[in-house]
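Heads up: the structure comes next, in structure tokens.
The values are calculated or read from the model by the stated rules, or taken from the named source; none is laboratory data. Keep in mind the model is a prediction, meaning the values are calculated, not measured. Cβ coordinates were reconstructed from backbone atoms using ideal geometry, including for glycine residues, and neighbour counts include every protein chain displayed. SASA here: full protein model, heavy atoms, side chains in, ligands and nucleic acids out. Shrake-Rupley method; radii C 1.70, N 1.55, O 1.52, S 1.80 Å.
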Amino acid sequence: MGRQRRSGTAVERWDFQTAIDMGNALPHLFKPISDLPKLTEPEREALAQCKASVETLKLAFFAAGKALQIIRDARLYRATHSSFEAFVLDEFGMKRAYANKLIRTWRLAEYLIASEKLAPNWSQRKLNQGQLWELVEYAEAQSVETAALIYITVYEAEEVAVTAAVLNGAVAAVRKSGGGDPKSIQSAVLEYLATLDEEPDDDPFADFSHRIERAVPSKWVYRLGKKDPEAAHRYLDELQRQIDKCRTELPAPALIPAPAQPSLEAGSSDEVLQEATRD
């Protein structure tokens with residue numbers, strides 16, 4: 001009788017102490033086992049292990065920040081070092097400023113990872129420390145929940161890449177609006193995102209339909225209307241106010257005269273015909 005197969009995925013059956021252990025445990029599989037489109041069981045196991053290793057690297061800053069705070073706050077360094085700063089420098093070659101940066105970021109990362117709004121595929125997204133750092137100061141001044149709401153609003157917006165620059169602008173927009181409740185925060189972020197134009201165009205006669213689509217994200221408005229009709233109408237009302245304001249500030253369109261038609265004096269047509277015949 002063969003060995004009984006344990007339940008759970010390949011990742012769940014692993015038990016590692018360090019990332020080096022995880023790397024050493026990866027299978028030496030550097031060519032296909034089969035040419036069939038469907039993966040074999042060993043290939044599925046190998047893929048699960050590789051994905052877990054990459055995922056660990058992507059979210060290492062979260063685990064590192066949490067671990068560093070435990071070491072610092074519980075004074076777990078005291079057996080060998082007199083200070084946390086000396087410990088992280090000796091153990092990890094890390095300056096205290098960077099260690100504190102990791103510590104300040106991990107709570108927001110943890111909240112986002114656990115957020116139901118981002119499940120089930122959130123662990124495969126490109127969450128990184130550089131992006132979250134733009135939200136840390138706001139999270140500390142307000143709350144982790146409201147900072148996460150800014151991130152989630154940007155994340156759910158269509159045709160907008162989540163970058164540190166975009167998140168920085170979203171935070172500035174929320175602060176400028178003075179809103180503190182979830183609806184006003186979302187409205188401020190969405191109004192800011194509607195102003196973004198990644199493809200500036202200096203040609204006034206170019207096709208600007210893409211600008212209209214960005215200014216009025218119809219699919220997003222429909223989704224918002226299902227969740228909160230009042231917010232959707234408020235967004236469209238504000239958009240209409242901005243349109244009316246632009247119209248009042250624009251100069252009146254210039255009337256372009258039609259091109260003058262050439263006039264020929266009597267007899268000139270015969271002269272032209274004669275010239276053409278001679279040529």
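Side notes on the structure shown:
- Contact map, segment 83-110: residues that are among the polar types (S, T, N, Q) paired with residues that are surrounded by 13 or more Cβ atoms within 10 Å (Cβ to Cβ) and in a loop (DSSP other than H, G, I, E, B), Cβ distance under 8 Å, separation 6+ or inter-chain. Pairs shown: S83/Y77.
- Within segment 232-251, the set of residues being among the aliphatic types (A, V, I, L, M) and not in a loop (DSSP other than H, G, I, E, B) comprises A232, L236, L239, I243.
- When each of L76, L89, L29 is tested for being open to solvent by 60 Å² or more (accessible area, probe 1.4 Å) and modelled with pLDDT under 90, the lone residue that passes is L29.
- Meets criteria (out of contact with any strand residue (DSSP E or B) (no Cβ under 9 Å at 6 or more places or on another chain) and either at pLDDT 65 or above or open to solvent by less than 80 Å² (accessible area, probe 1.4 Å) (or both)) for R13: yes
- Filtered residues of segment 164-195 (kept if open to solvent by 30 Å² or more (accessible area, probe 1.4 Å), among the small types (G, A, S), closer than 15 Å to L149 by Cβ and at pLDDT below 90): S177, G180
- Unmet requirement for L250, which otherwise passes all of (1) open to solvent by less than 100 Å² (accessible area, probe 1.4 Å); (2) among the aliphatic types (A, V, I, L, M); (3) modelled with pLDDT under 80: (1)
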